[in-house]
Amino acid sequence: MLPREVIAVGPLVLRPPVEADAPEIRAACDDPSTASRLPLLPSPYTLEDAHAYVRRAKTVWESGGAEFAIIEDGRYAGSAGVRPLTAYGTTEIDLMVAPWARGRGVAATVARGLTEWLLDHGVERVELEAEVEDLPALRAALRAGFTEEGRRRDAKALRDGRRTDLVSFARLARDGGEPVEQALPFFEGGFEHGELGDGVVRLTSLSVADAGDFHRLLSDPGVARFGVLPENSPEDVVRRCRVTGYLWLTGRRIELTVRDPDGSFAGHLQLLHSMPDFGEGMIGYSLLPEFRGRGLMTRAVRLLSDWVFAHTSLHRLVAGTDAANTASQVVLERCGFAREGVRPEFFPRPGGRRSDEISWLRLRPAGPASS
């Protein structure tokens with residue numbers, strides 16, 4: 001049984017919820033963004049629902065779990081729950097931050113402090129899950145020193161009936177708990193609003209809104225000719241676009257749109273963190289037919305390559321082109337990549353054929369590595 005305590009967590013206080021919290025609990029839970037993330041909450045969420053929650057919180061403590069109100073400067077700022085311990089000394093925490101307290105690191109501070117309190121009381125393993133599209137929750141878990149352990153596909157049903165993946169995190173008693181740094185930082189302005197540009201071409205994060213254009217690009221015969229992945233349905237492309245923020249945040253892959261001067265979707269540019277331990281990343285790209293021959297992709301690849309060496313610790317940027325893809329090879333040469341070699345019969349092609357790959361490399365310019 002966990003002790004019913006008041007916990008100081010940095011500038012925050014965690015204490016059992018009381019009836020006086022009910023009006024602000026109602027306001028927080030009736031917020032549209034809260035309702036969308038917590039589909040099991042009543043909607044609309046009433047004051048009576050809030051009072052019922054406070055009463056239920058007492059039973060959580062009695063069953064071996066814990067339920068806290070998060071207090072910031074004397075005001076209710078959210079809720080934190082601890083599920084009853086299993087026979088193996090494991091528990092899971094749940095967090096909800098009120099709309100007026102978001103954007104100030106409340107979730108990360110609570111996750112870290114509450115976890116350390118649990119570990120101090122003999123818990124061996126603390127788990128946490130977040131929706132794959134909920135970047136603030138994913139970031140909070142990483143900043144609280146949790147380690148990602150996998151992704152559960154379609155594990156949660158949302159209020160609109162759509163299903164979404166859950167990312168599983170855990171922190172063990174033996175873990176150091178250091179914040180997990182973002183290996184591939186977002187562009188200035190963040191995932192949704194950040195971009196790179198040179199006055200002609202713009203690079204923005206690939207989103208669900210781009211799924212139709214992206215599917216058209218992948219289906220273009222000139223792109224598909226040199227592709228190596230299975231054909232993607234429109235639904236597959238939407239699913240891919242939904243996880244781009246998660247992949248970027250966790251340092252796996254950056255997926256970008258290439259836009260022409262009027263903002264139209266012109267193509268796709270990708271940076272794969274292919275060999276993190278060796279400081280190597282791989283780029284790939286494709287352009288819609290109507291935008292070819294204007295130098296847009298050369299500008300895009302140069303923009304991304306320069307950004308990589310200025311804002312990440314990557315030392316090597318590599319690319320691979322089909323030996324027949326001369327247009328792509330011209331782009332790389334113009335962007336400072338050197339031909340590194342040939343891998344015979346590397347790419348699988350229709351009918352059991354295989355084609356050669358030409359490998360390309362651009363090294364970090366001489367000087368201190370960025371961080």
Inset, instruction - Could you check, for the range 285-299, whether at least one of its residues is open to solvent by 70 Å² or more (accessible area, probe 1.4 Å) and within 21 Å of the chain's Cα centre (by Cα)? - result: no
Inset, instruction - For residues that are in contact with a strand residue (DSSP E or B) (Cβ under 6 Å, 6 or more places away or on another chain) and open to solvent by 40 Å² or more (accessible area, probe 1.4 Å), scanning just the range 195-217, find the one that is farthest from SER286 (Cα to Cα). - result: GLU195
Legend entry - Unmet requirement for GLY222, which otherwise passes all of (1) assigned to a loop (DSSP other than H, G, I, E, B); (2) modelled with pLDDT under 95; (3) not β-branched (Val, Ile, Thr): (1)
Legend entry - Unmet requirement for ALA157, which otherwise passes all of (1) touching a residue at least 60 places away in the same chain (Cβ under 8 Å); (2) farther than 23 Å from VAL6 by Cα; (3) crowded, with 18+ Cβ neighbours inside 10 Å; (4) out of contact with any helix residue (DSSP H, G or I) (no Cβ under 9 Å at 6 or more places or on another chain): (3)
Inset, instruction - Go through (1) farther than 19 Å from ILE93 by Cβ; (2) open to solvent by 60 Å² or more (accessible area, probe 1.4 Å); (3) in a loop (DSSP other than H, G, I, E, B) one by one and return the number of the condition GLU192 breaks. - result: (3)
Legend entry - Candidate set from the range 222-241 (those that are of a type in the set (A, V, I, L, M, F, W, C) and either in contact with a Cys (Cβ under 7 Å, 6 or more places away or on another chain) or within 23 Å of ARG292 (Cα to Cα) (or both)); member that is surrounded by the fewest Cβ atoms within 10 Å (Cβ to Cβ): LEU229
Inset, instruction - Given the conditions (1) under 17 Å from THR115 (Cα atoms); (2) open to solvent by 30 Å² or more (accessible area, probe 1.4 Å); (3) touching a strand residue (DSSP E or B) at 6+ places or on another chain (Cβ under 6 Å), report the number of the one that MET96 does not fulfil. - result: (2)
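The values are calculated or read from the model by the stated rules, or taken from the named source; none is laboratory data. As the structure is a prediction and not an experimental result, all values here were calculated from the model. Note: ideal-geometry Cβ built from the backbone for every residue, glycine included; neighbour counts use all protein chains shown. Only protein heavy atoms, including side chains, enter the accessible area calculation; ligands, DNA and RNA are left aside. Shrake-Rupley method; radii C 1.70, N 1.55, O 1.52, S 1.80 Å.
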